[in-house]
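The values are calculated or read from the model by the stated rules, or taken from the named source; none is laboratory data. Since the model is a prediction, treat every value here as computed from it, not as a measurement. As a convention, Cβ positions derive from the backbone with ideal geometry for all residues, glycine included, and neighbour counts pool all protein chains shown. Note: accessible area is taken over every heavy atom of the protein model, side chains too, but ligands, DNA and RNA are not part of it. Shrake-Rupley method; radii C 1.70, N 1.55, O 1.52, S 1.80 Å.
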Amino acid sequence: MESDSRTGKRKGAGFFERRWKDVRVGDFVKVVSNEIIPADLLLLHTSDPNGVCHIETASLDGETNLKQRHIVSGLNTQDSQFEPEHFSYTVAVEKPNNNLNHFKGYIEKTDMKRLGFGTENLLPRGCTVRNTEFTTGFVVYAGHETKSMMNNNGPRYKRSKLECKMNIDVLYCVLLLFFMCLIGALGHYIWLESLPSMPLFLTPGSQGHLDPPLLSGFYMFFTMIILLQILIPISLYVSIELVKMGQIYFIINDVDLYDEETDSRVQCRALNIPEDLGQIQYIFSDKTGTLTENKMVFRRCSVMGTEYSHNDNAVRPSVLGEANDTEEEVIFHRSPQPSQTGWNLGDDHDPEAAQHRHHGRRPHSSVGRYKNKETGSSQGEAAFSSPLETEVVPDRKLLQCVLSSGGGDWVGGRWIGCSEATDLYLDFFLALAVCNTVVVSTANTAQAQRQRGSERSSHSVFQSPGDLLQTALTKMHSVYHTLHSWQPMIEEDVDPDHTPDPATSHGGHHSTAGGQTSHNSTQAQSTSTPKQCFEAESPDEAALVHAAKAYGFTLLTRTPESVTLRLPHGEELTYQVLDTLNFDPTRKRMSVVLRHPISREIVMYTKGADYTIMELLQTPSEANSLKGNHQNVAASTQRHIDWYAKEGLRTLCFAKKVLSERAYKDWSLRRQEALAAISNREELLMETAGHLEIQLTLLGATGIEDRLQDCVPDTITALKEAGIQVWMLTGDKPETAVNIGYACRLLDEGDLVIQMSTKDKVVCKSTLDCALEEVRQFEHSGGPGGMGGPEEPRLSIGLVIDGHTLGLALQSDLVASFLELARRCRSVLCCRVTPLQKSAVVTLVRERLKVMTLAIGDGANDVNMIQAADVGIGISGQEGMQAVMASDFSIACFKHLKKLLLVHGHWCYNRLAKMAIYFFYKNVTYVNLLFWYQFFCGFSGTSMIDIWLLIFFNLFFTSVPPIMFGVMDRDVSAEMLLGLPELYRTGQGSEGYDHLIFWIAMLDAFYQSLVCFFIPYWTYQGTDVDIYTFGTPMNTVAFFNIMFHLAIEIKSWTVVHWVTMLASVIVYFVVTLVYSAVCISCNPPSNPYWIIQQQMAKPMFYLVCVITTVIALLPRFTYRVLSNTLVPSPLVRARHLERLDTPIRDQ
Amino acid sequence: MMASSYNAKEEDGHVAVAGGGTIKNKKPDNTAFKQQRLPAWQPILTAGTVLPAFFVIGLIFIPIGIGLYVTSNNIKEFEIDYTGTDISSPCFNCSQSFSWNSTRPCICVLPFTLEQPFESKVYMYYGLSNFYQNHRRYVKSRDDSQLNGDINSLKNPTKECEPYARNEKVPIAPCGAIANSMFNDTLDLYYIDPNGTRIQIPLTKTGIAWQSDMNVKFRNPGSNTNLTAAFQGTSKPINWHKPVYELDTNPQNNGFINEDFIVWMRTAALPTFRKLYRIIDKKNHMTPTLPRGNYTLEVTYNYPVRSFEGKKRVILSTISWMGGKNPFLGIAYITVGSVCFFLGVVLLIIHHKYGSRNNSADIPN
């Protein structure tokens, strides 16, 4: 796959297309936007004037936000056109290693000056260049030395646990065979020794002399091996493969595991481990894209103490799916009309409006492209511009509030509008749109660059309307026509909820009409630039910006110094950004200090976690204008936030603060000092931030949903009921992880959550010890209590640990206590973990706790984990195919895991376990017949069954029914298994197949073979029976015995079972009869001619068959009956329940 | 990978077409078979459900067992050992002075008394003990094509017959260890009637081998009439006194199709066995085949068993539909029937005590 991708590579004077595999260390590689980086590159040049390159590292660490990389500082490559020919420095880098976050090296210039560089200058292979037109780099690591390849462990050969156990039992069989052969050899020796002289029946060798007994005994050992080798169930392996194929056929064909949306079935890439699905004890799940859709959706907000539930946004994507296209079209077709009305209202001379018009033209040519983008976004073309996020349907009530308040101001004074301190609604949305680090770009970076380059100048152009007016007007005419031609369509597509009444917009209240108009024209604008997208460091920010956009506050551009946005009425405002106090995990908030372009007022917008913001609010005494009322706002907002959190939404609070010029100046000075400080700069910065972020005015709060995939909480609950421990391993922040943990019921409200986050090993150790002690205490106190009342809920513990702490905890001296703690936790959340850590955790748990692990993920960062786990599951569809390629099974969404594990896993495991046991039993039973006969033929290795029938017996007569049994038997119905996840536990405890069951089966096999041998023996003892006449009823008896044994084991008899069983019986008799009728002297020495016919003419044959089968199976049958009656297992109870259910269901 | 990217492209370009209906839908068929929902009979083995089976087995097996037992008991069987290991035995001398090559036959006479008359047809068996006719290499040591009359095999016996394939380069017919070790004692039965006269009992030589063996498996090379010519160029087995074409005077019972030979060639399954030697037909309905009284068995003692501490016996037995006398199967049936009946009773008790528990839904749900 990789070698097919081509990339630009320098050769001679220019760049040439080269295959990835041809890229060598020392090459210069030029990568254009949205291309995947082919090797680890040292960034030397980018199209960005600031020397910044944006990359998306999702395939490396799963973080979907954009990261900035800089060119090596001190290399003045950025000024002019970069010429690789003139790059004549020496580059030295450290040895290749797998640490994604560590990289260092230096460039030695010609003047012997060394320029250091680090991770911030590295473009790692596998990442995607975003938002940068092109970038040029120097290959420092290529191929297997790249960071991403060093992080790739390579596939692990997977063998199912059942097969591992089975292999041990096969080994036992080998030992048993060895033992039996030894008995045979010894027996033969003793028998020979006991003979007084050479008897008649002892045939000398062809040379005419007999081997000495010892040598004969030695030879006999090998003869016995040949005779009894069927004991080693070679056929078992073949049968198991066939059974697994059958099982996989049924898994693939399960209509419940089919996803309509992507038209994909479950894929089984590993054919050898379906039964492992039935034994999973630990699930390691990725978060992003696995549990969640990784689509942040603005769900609710609370402004000034009033809750606005955006009910329309709660609609699931699956439901929306179909409507999506039409929805877009509605918005899109509708948009020109209001523009036109706005036009009619006499805004002709507004250059902004003209600009809108200009944009408004574009949609009709970009219909296709827009759709392209929509479907294409799932392939990761655009970072955060998937249709769902953009599709925030505004709450109508809130929209009214915004527009009416904004509109009023707008009427009063056009340019002052939104700066009114009283109008907190506008402030709220302003904060939403501005208080972030979102970069606006278009998908086509080249365009973005051009725009960006001309932005400032174009702004100045806009400021002087006269210049542009002319051009705008010239374009106007054609636009007008276009719009007219659309009119019929518009009328057809009118959406009564959203389209403003034409009457209202034409006449009616001026302000409302104006507001609506502007709003709609904004929408027109937003849709008219279809490739515009917001690229944020975190998806939440993007969601907020989109939400703001839905209300008309569109972020247009952002530079470090300014931020431009369009207000609902169409004006564009460029705020000067005075300062940005970035988010940090200690403060848990970020602030932006802006200067309003018109009022020149300095405003600070702060957003952050609810508790930090709430603490910093103005006290009522301080609040002058909003006494009392303010208190209420805070209280009700807090109530709303609590409610959001309970719903699993990610909550953020927004607040503002108006600063006086002087206060800001004072603070700014201190800030500068802090920035300049050399020692403890971080602390100082934090302190200065703390100084500013006080006495805030609460604006409101938002609830963003990291939308969980369909039925994820249900699935997780079911999996937990099934006794599976679910771990979530994510590269995301702890806060997010915990939020999601609650949302998908990994954590419950009542859970004791242990948070571990430290960088110090000693602290880590003590925390571990403390937590462990605490947990033990809980268990102790819970233990006796649990004895007293079984109803008492067991305390469940959740562990949240971050990547760094995890790294410490995984060190050899702490790992034991960490596992001890993790084992007792109901769920574990690991945050900020690297792909390698993910696989390390999985490997550790798998190997140290000796449990069955399953890893599920969708991204390239989960590949290691998927390969490390016993069962790796890839979620197809979301992010590329790497996870799917590495996985054993790939499913379309997380909810399919439930049926895959609980039903198919259970079935596959139970079927295969029973079949394996049955095969062991079958072979031992049959072979032992031969073994017992050795006691009566001087251990000479004679077989009393014709050699061909012996071979056919395993190959044809008794092979198909057990395979059918392994493929199709259904102990409990799927509904029952889904309804009672506890039934899954039987597989986890290996109840279907363990060594005890194996040995019981062996004992039973010995018993049955003894019966099958000795009942005919005693019947024919002393008569004139010949060898093969003696063997025929024995063979038949063994056949029926083995068949009826299977019949006892079969839990559900479908047509297929009946047919195969009957067919086997028919085949046995037909083949034996025909063979005996045809083979006169074809197979010396047995010559089965007419033997079975002779036998079947005698009643004794049937009497022997009947009684032997009954005696042989009586113990097993009785045992089954008694255990089912006296101590029914959960499965048997479920079957009873199922039977009871049927009439109820029928009713 | 290929498929998914292909689909994505399709959606990209032709959304309308995709909705049209001729789309490649990967949705699995919703059939009962594929969805594993085939109607099934799902028996649950509990005391309640299997109770009848146990009683039925019990009720059927006990009568069968009784029938078998009675039948077996009605069979008359008489056995006499003539090995001659004991010094008091008439055959002691013969057994001691054995040599395969002795030309002078050693004859011993054993008197015996039948306490009960044998009413129906009597089968006369010779029995050998400790004779491992089932030894692997012994069993193999024969040439079935030769015995089937194949001329080529007659002259070139299979190497399985080694070392009894050739005698001084001359092929042996019949070759192999089995034929070589053929039982060659001659047994004659005399009835001593109450007034002391010895009446030889007529013994039928034919009808003792399987019809399938007689007619299909064993054939003489060439015609049955001129066996001497047919076996020209072959040698007799080393231990035999006379060649194979002189086994009997009756051409239909000579050569390879001699029934004594065929019976011997059907190797016994167990080291202690009997083989059918002669049949004593019932003369008429009035007199028993063998009336009670004194008999003598005249043995031409040729066959050595001392080398393997074997025993030689003569068995006189009537037979029934179930074969010879063997009480085992009858006892087994009676026992198993009783056990099943007993288990049925136990299960009945269990069913009454616990069975109702299963029928109520006691599963927490």
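May I ask for the accessible area buried between chains A and B, both sides summed, probe 1.4 Å, to the nearest 100 Å²?
Working: alone 49360 and 21970 Å², together 62300 Å².
Counting protein atoms only, the buried area is about 9000 Å².
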Point to revise | Net charge over other residues, Cβ less than 13 angstrom from the Cβ of residue B:294 (K, R count +1; D, E count -1) | key: 0
**Study point:** Distance from region A:676-720 to region A:894-965 (C-alpha centre basis), Å
**Key:** 61 Å
**Study point:** By average C-beta atoms within 10 angstrom, highest first, the peptides A:100-113, A:701-714
**Key:** A:701-714, A:100-113
Review point. What accessible area, in Å² to the nearest ten, does a 1.4 Å probe give for residue A:249?
Key: 90 Å²
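Per residue, how large is the accessible surface of region B:162-268? Use a 1.4 angstrom probe and give square angstrom.
Details: 4440 Å² over 107 residues.
Spelled out: the 1.4 Å probe surface of region B:162-268, per residue, equals 41 Å².
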Exercise for review: Provide the solvent-accessible area of residue B:191, counting protein heavy atoms only and rolling a 1.4 Å probe, rounded to the nearest 10 Å².
Suggested key: 40 Å²
Check your understanding: When we measure straight from the Cα of residue A:113, which lysines land under 19 angstrom away, once same-chain ones fewer than 8 places off are left out?
Key -> A:104
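Got a sec? What order do B:85, A:128 fall in by accessible area at 1.4 Å, biggest, i.e. largest, first? Walk me through the intermediate numbers first.
Numbers: B:85 85, A:128 20 Å².
Heavy-atom accessible area, descending, gives B:85, A:128.
For chain B, what does the alpha-carbon gyration tensor say about shape, rounded, prolate or oblate, given a ≥ b ≥ c as the root eigenvalues, a/c under 1.5 as rounded, and a/b over b/c as prolate? Mind dumping the intermediate values first?
Details: a/c = 3.43, a/b = 1.65, b/c = 2.08.
Taking the square roots of the gyration eigenvalues as a ≥ b ≥ c, chain B is oblate.
Net charge near residue B:176: determine it from the other residues with C-beta under 9 Å of the C-beta of residue B:176, scoring Lys and Arg +1 and Asp and Glu -1. Present the calculation step by step, with values, prior to reporting the outcome.
On the way: positive: B:140, B:142; negative: B:143, B:160, B:162.
With Lys, Arg at +1 and Asp, Glu at -1, the net is -1.
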Exercise for review: Assign unit charges at the C-beta atoms only (+1 for Lys and Arg, -1 for Asp and Glu), then state the dipole size of chain B relative to its Cα centre in Debye, rounded to the nearest 20.
Suggested key: 420 debye
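Residues of B:339-351, mean number of Cβ from any other protein chain within 10 Å of their own Cβ, rounded to a whole number? Write down the numbers at each step before the final one.
Values: counts 4, 3, 0, 0, 5, 0, 0, 2, 4, 0, 0, 4, 2.
Across the residues of B:339-351, the mean count of other-chain Cβ atoms within 10 Å is 2.
Could you work out the mean count of beta carbons from other protein chains within 10 Å of each residue's beta carbon in B:58-69?
Details: counts 0, 0, 1, 3, 0, 0, 3, 2, 0, 1, 4, 0.
Mean shielding by partner chains, rounded to a whole number: 1.
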Study note, to complete from the structure: Ignoring ligands and nucleic acids, residue B:278 exposes an accessible area, probe 1.4 Å, in Å² to the nearest 10, of 20 Å²
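Which order do the peptides A:275-281, B:77-83 come out in when sorted by mean C-beta neighbours inside 10 angstrom, highest first? Before the final figure, lay out the partial values.
Values: A:275-281: 28.3, B:77-83: 18.0.
Averaged packing, sorted descending, gives the order A:275-281, B:77-83.
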Review point. Are there residues in region B:25-42 whose accessible area shrinks by at least 30 Å² when all protein chains are included rather than the chain by itself, and which are they (probe 1.4 Å, ligands and nucleic acids not counted)?
Key: B:26, B:27, B:28, B:33, B:34, B:35, B:36, B:38, B:40, B:41, B:42
**Study point:** Other protein chain Cβ atoms within 10 Å, averaged over every residue that makes up B:125-136
**Key:** 6
**Study point:** Given charges at beta-carbon only (K, R positive; D, E negative), |dipole| of region B:41-150 in Debye
**Key:** 300 debye
Review point. From the cross-link list A:295/B:34; A:161/B:27; A:759/A:850; A:295/A:549; B:169/B:236, which pairs have alpha carbons spaced over 24 Å apart?
Key: A:295/B:34; A:161/B:27; A:759/A:850
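Exceeding 22 Å between C-alpha atoms, which entries from my cross-link table qualify? They are A:95/A:147; A:244/A:898; A:67/A:287; A:21/A:67; B:205/B:275; B:76/B:283. Intermediate results must be reported in sequence, preceding the final value.
Details: A:95/A:147 11 Å; A:244/A:898 20 Å; A:67/A:287 20 Å; A:21/A:67 26 Å; B:205/B:275 13 Å; B:76/B:283 18 Å.
The pairs that break the limit, which is 22 Å between Cα atoms, are A:21/A:67.
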Point to revise | Net charge, residue B:272 excluded, C-beta distance under 14 Å - Lys, Arg +1, Asp, Glu -1 | key: 0
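Could you order the peptides A:89-97, A:894-902 from most to least packed, using the average number of other C-beta atoms within 10 Å per residue?
On the way: A:89-97: 14.0, A:894-902: 25.2.
Going by the mean number of other Cβ atoms within 10 Å, highest first, we get A:894-902, A:89-97.
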